[in-house]
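Here's the structure we're looking at; comments come further down.
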Amino acid sequence: MPALLPPGPTRRLALYTLVVCVLAVAAAVVSFVQGSWLGIVWVLLAGLSSNMCWYYMKRGRAGRRPPVTG
C-alpha cells in the first residue's frame, strides 16, 4: 500500500498541522465544557491548521506527479 505522502518536509508539516488541529479541537471542547468563551479562539486555530494540513497534503501529492507537457 503506497504511503499517503512521500517522506520529506511536506509530509512532516502535514502531520504537524494535523496534530495541532486535533489538539486545538480538544482544547476547544474543554474550554466550552468549562463555560469559557476562549474556545472560539481554539476553533479558529483548528480551522486554520486544518486548512494548512490540506494544503501541505495536496502540495506533497502534486510533487509526486510527473510534469504535464503540452
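Being touching a Ser or Thr at 6+ places or on another chain (Cβ under 8 Å) and open to solvent by 80 Å² or more (accessible area, probe 1.4 Å) is the filter here; which residues of segment 38-65 pass it?
Scanning segment 38-65 gives Leu38, Trp42, Arg59.
Going through segment 18-45 one residue at a time, which ones are under 14 Å from the mean Cα position of the chain (by Cα) and free of Cβ contacts under 8 Å to residues at least 12 places away in the same chain?
Result: Val19, Val22, Leu23, Leu44.
The values are calculated or read from the model by the stated rules, or taken from the named source; none is laboratory data. Keep in mind the model is a prediction, meaning the values are calculated, not measured. Every residue, glycine among them, receives a Cβ derived from its backbone with ideal geometry; neighbour counts consider all protein chains shown. Note: areas computed on protein heavy atoms with side chains; ligands, DNA, RNA excluded. Shrake-Rupley method; radii C 1.70, N 1.55, O 1.52, S 1.80 Å.
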